[in-house]
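These notes concern the structure reproduced below.
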């Protein structure tokens, strides 16, 4: 789907399910922009761990699963429990600045150059 359709679909989502095996880094960042709770199951390789790192940077670890069964359990809870979903959404809203306000990578690049 084109970027506008994707952004529109993301904006109306209740829950974002990170793909298993190949983390949706850009998709995750889109979901965060709309304060959408994200469920992830990190893989062994870097390509499956982007969302893990993003959620950890924000201090949101409740939606990081360790098994497929736990991934489903978290997703179902977020889908069915509006109060819990709102709680996680609020955490995303309050902590996403940690992604965008982190100047460590900028300073490291400056030091490199």
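The values are calculated or read from the model by the stated rules, or taken from the named source; none is laboratory data. A quick note: this is a predicted structure, and the numbers were derived from the prediction, not measured. For neighbour counting, all protein chains shown are included, and Cβ atoms are generated from backbone atoms with ideal geometry for every residue, glycine included.
With respect to residue 66, is the statement that it is at pLDDT 95 or above, in a helix (DSSP H, G or I) and out of contact with any strand residue (DSSP E or B) (no Cβ under 9 Å at 6 or more places or on another chain) true?
Numbers: at pLDDT 95 or above: yes; in a helix (DSSP H, G or I): no; out of contact with any strand residue (DSSP E or B) (no Cβ under 9 Å at 6 or more places or on another chain): yes.
So residue 66 does not fit the description; no.
Considering 75, 31, 13, which residue is closer than 18 Å to residue 95 by Cα and either assigned to a loop (DSSP other than H, G, I, E, B) or in contact with a strand residue (DSSP E or B) (Cβ under 8 Å, 6 or more places away or on another chain) (or both)? Please lay out each step first, then the result.
On the way: 75 fails: closer than 18 Å to residue 95 by Cα; 13 fails: closer than 18 Å to residue 95 by Cα.
So the residue among 75, 31, 13 that is closer than 18 Å to residue 95 by Cα and either assigned to a loop (DSSP other than H, G, I, E, B) or in contact with a strand residue (DSSP E or B) (Cβ under 8 Å, 6 or more places away or on another chain) (or both) is 31.
Within the range 1-32, the set of residues being free of Cβ contacts under 8 Å to residues at least 12 places away in the same chain and farther than 15 Å from residue 85 by Cα comprises 1, 2, 3, 4, 5, 8, 9, 19, 26. In the set (1) touching a helix residue (DSSP H, G or I) at 6+ places or on another chain (Cβ under 7 Å); (2) surrounded by 13 or more Cβ atoms within 10 Å (Cβ to Cβ), the condition left unmet by residue 59 is number (2). Of the residues screened, residue 19 is not one that is within 10 Å of the chain's Cα centre (by Cα), at pLDDT below 95 and part of a loop (DSSP other than H, G, I, E, B). In the set (1) modelled with pLDDT of 90 or more; (2) surrounded by fewer than 18 Cβ atoms within 10 Å (Cβ to Cβ); (3) under 12 Å from the mean Cα position of the chain (by Cα); (4) not in a loop (DSSP other than H, G, I, E, B), residue 5 fails one condition alone, (3).
For the range 34-52, a residue qualifies if it is assigned to a helix (DSSP H, G or I) and either at pLDDT 95 or above or crowded, with 20+ Cβ neighbours inside 10 Å (or both), and the qualifying residues are 50, 51, 52.
Answer yes or no: is there a residue in the range 70-78 that is under 14 Å from residue 24 (Cα atoms) and either surrounded by fewer than 19 Cβ atoms within 10 Å (Cβ to Cβ) or at pLDDT 95 or above (or both). Even if it seems obvious, please write down each step before you answer.
Narrowing the range 70-78 to residues under 14 Å from residue 24 (Cα atoms): none.
Checking the range 70-78: not a single residue is under 14 Å from residue 24 (Cα atoms) and either surrounded by fewer than 19 Cβ atoms within 10 Å (Cβ to Cβ) or at pLDDT 95 or above (or both).
In a residue-by-residue description of the range 82-99, the property of being touching a residue at least 12 places away in the same chain (Cβ under 8 Å) and surrounded by fewer than 12 Cβ atoms within 10 Å (Cβ to Cβ) applies to no position.
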